[in-house]
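**Student:** Would you mind keeping the following structure in view while I ask a few things?
The values are calculated or read from the model by the stated rules, or taken from the named source; none is laboratory data. Being a predicted model, the structure only gives us computed values, none of them experimental. Reconstructed Cβ throughout: ideal geometry from the backbone, glycine too, with neighbour counts over all protein chains shown. These accessible areas exclude ligands, DNA and RNA; they are computed on the full protein's heavy atoms, side chains included. Shrake-Rupley method; radii C 1.70, N 1.55, O 1.52, S 1.80 Å.
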Amino acid sequence: MVKVATETWIALALLHREHPERSDFTISEIVERAEREKLTPRLRPGVRVHATSHCVAELAPSPACLCMLHASGPGRRRLFRAGDPIHPARAGGKTAPGEVDLPEAYRALLTWYEREYLGAARLESPGEAHDPLLELRGSGRELWADEHADEYIERLRSDWS
């Protein structure tokens, strides 16, 4: 049986894929999409709870430490992206279900999430954190390629007066 967190993620991922022009969705839309998908014979009440709090990265864990959703506004959610706020107690939590957690018919959603939703330029495994400032490391090195960094800084500072 599909985990409730996975069912919630699938419903929101389908909404994002079906409506790429929208940045987020209401909790009710997520629940309604899960119900339409019929991953279980009857919609489990836990889907709403997971969309409201259990899967939301910036909220205190209660009880799970999942980081699958981001609260983009009151009652609104979108899929998690690297750089979204994370409650310290959720650090390292899953940002998407694993491939084995997804029913085979939905495994392509994980590829869509990694390539299209997170962006083709940066394929990262779910849960991998990155720091956009650290990604700037080495940029501008051509400015001082023929000059020691300390001499370059001194030369820049000499123009300040």
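**Student:** Can you name the helices (runs of 4 or more DSSP H) wholly within the stretch 1-94 that have at least 1 residues being of a type in the set (S, T, N, Q), in contact with a Pro (Cβ under 6 Å, 6 or more places away or on another chain) and under 23 Å from E116 (Cα atoms)? Working first, answer last.
**Tutor:** Details: elements: 4-18, 27-37, 46-49.
Because the criterion is at least 1 residues that are of a type in the set (S, T, N, Q), in contact with a Pro (Cβ under 6 Å, 6 or more places away or on another chain) and under 23 Å from E116 (Cα atoms), the helices (runs of 4 or more DSSP H) in the stretch 1-94 that meet it are 4-18.
**Student:** Another question, if that's okay. Looking at L43, L14, can you tell me which residue is under 15 Å from the mean Cα position of the chain (by Cα) and either among the hydrophobic types (A, V, I, L, M, F, W, C) or surrounded by 20 or more Cβ atoms within 10 Å (Cβ to Cβ) (or both)? Steps first, please.
**Tutor:** Working: L43 fails: under 15 Å from the mean Cα position of the chain (by Cα).
Among L43, L14, only L14 is under 15 Å from the mean Cα position of the chain (by Cα) and either among the hydrophobic types (A, V, I, L, M, F, W, C) or surrounded by 20 or more Cβ atoms within 10 Å (Cβ to Cβ) (or both).
**Student:** Between T52, T8, T40, T95, which is out of contact with any strand residue (DSSP E or B) (no Cβ under 6 Å at 6 or more places or on another chain) and touching a residue at least 40 places away in the same chain (Cβ under 8 Å)?
**Tutor:** Working: T52 fails: touching a residue at least 40 places away in the same chain (Cβ under 8 Å); T40 fails: touching a residue at least 40 places away in the same chain (Cβ under 8 Å); T95 fails: touching a residue at least 40 places away in the same chain (Cβ under 8 Å).
Residue meeting the stated conditions: T8.
**Student:** I'd like to check something: does the stretch 18-34 contain any residue that is among the small types (G, A, S), in contact with a strand residue (DSSP E or B) (Cβ under 9 Å, 6 or more places away or on another chain) and crowded, with 19+ Cβ neighbours inside 10 Å? Break it down stepwise before answering.
**Tutor:** At the first step, the residues of the stretch 18-34 found to be among the small types (G, A, S) are 23, 28, 34.
With in contact with a strand residue (DSSP E or B) (Cβ under 9 Å, 6 or more places away or on another chain) added as a condition, the list becomes 23.
Right, trim to crowded, with 19+ Cβ neighbours inside 10 Å and you get none.
Looking through the stretch 18-34, none of the residues is among the small types (G, A, S), in contact with a strand residue (DSSP E or B) (Cβ under 9 Å, 6 or more places away or on another chain) and crowded, with 19+ Cβ neighbours inside 10 Å.
**Student:** Okay, next question. Quick one: how many residues across the stretch 94-122 are more than 22 Å from R22 (Cα to Cα), among the hydrophobic types (A, V, I, L, M, F, W, C) and surrounded by 15 or more Cβ atoms within 10 Å (Cβ to Cβ)?
**Tutor:** 1
**Student:** Mind listing whichever residues of the stretch 65-93 are touching a helix residue (DSSP H, G or I) at 6+ places or on another chain (Cβ under 8 Å) and either open to solvent by less than 30 Å² (accessible area, probe 1.4 Å) or modelled with pLDDT of 95 or more (or both)?
**Tutor:** First pass over the stretch 65-93, keeping only residues touching a helix residue (DSSP H, G or I) at 6+ places or on another chain (Cβ under 8 Å): 65-69, 75-79, 81.
Matches in the stretch 65-93: L66, C67, M68, L69, G75, R76, R77, R78, L79.
**Student:** Let me ask something additional. Please pick out the residue among E135, E114, E124, E147 that is out of contact with any Gly (no Cβ under 9 Å at 6 or more places or on another chain), more than 20 Å from V31 (Cβ to Cβ) and at pLDDT 90 or above. Don't jump to the end; show me each part of the working.
**Tutor:** Working: E135 fails: at pLDDT 90 or above; E124 fails: at pLDDT 90 or above; E147 fails: at pLDDT 90 or above.
Testing whether each residue is out of contact with any Gly (no Cβ under 9 Å at 6 or more places or on another chain), more than 20 Å from V31 (Cβ to Cβ) and at pLDDT 90 or above leaves just E114.
**Student:** Only one residue in S23, S28 is over 17 Å from the mean Cα position of the chain (by Cα) and of a type in the set (S, T, N, Q), so which one is that? Give the steps one after another, and end with the answer.
**Tutor:** Working: S23 fails: over 17 Å from the mean Cα position of the chain (by Cα).
Selected residue: S28, the only one of S23, S28 that is over 17 Å from the mean Cα position of the chain (by Cα) and of a type in the set (S, T, N, Q).
**Student:** Among the residues of the stretch 54-64, write down those that are surrounded by fewer than 17 Cβ atoms within 10 Å (Cβ to Cβ) and either among the aromatic types (F, W, Y) or within 25 Å of H19 (Cβ to Cβ) (or both).
**Tutor:** E58
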